[in-house]
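Worksheet for the structure shown next.
What follows is calculated from the coordinates using simple rules that are stated; it is not laboratory data. Small disclaimer: the values here were computed from a predicted structure and weren't measured. Cβ coordinates were reconstructed from backbone atoms using ideal geometry, including for glycine residues, and neighbour counts include every protein chain displayed.
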Amino acid sequence: MKHGSLRKYIKVLSGLLPRIQDGNVQLEPTDENKYSYTLRIIHPDGAVREETVEEIAPGELQVKGVFTQDFGDGAGPKSNSNLENFTRVLVVTYEAGINGYVAKYSYVLKPRDPTIVSLSPNVLKATLG
């Protein structure tokens, strides 16, 4: 396929690309003048994939993305360390384009979100007497 016909094909595709806003899946065209979109998928287990696809030159697409997945407690099941306040997270960043595919992996400890305790109005009234 020649660059001119590929470019015309990409323009047609970008015109057909729908906008999706469905809870766990978001697809958003980002530029009307070229083939470009952002995709975000949130898996029920909490894993998140975000990527952008963009035509950087006629017939040349570039994909950049990040995938993150939470693997639970930072500490082992019988650990008494402060690591239980952290969660283990796998982070994969990737890029694909004219120079091939590159992925970088990291496994990090991330502080847990604080637990918020709320009390009903009746419980608060009862404690006041």
What does the net charge come to around Q69 if you take all other residues with beta carbon closer than 10 Å to its beta carbon, with K and R at +1 and D and E at -1? 0
How many angstrom lie between the C-alpha centres of the stretch 107-127 and the stretch 20-59? 34 Å
What net charge do the residues around Y94 carry, taking every other residue with its C-beta under 13 Å from that of Y94, with Lys and Arg at +1 and Asp and Glu at -1? 0
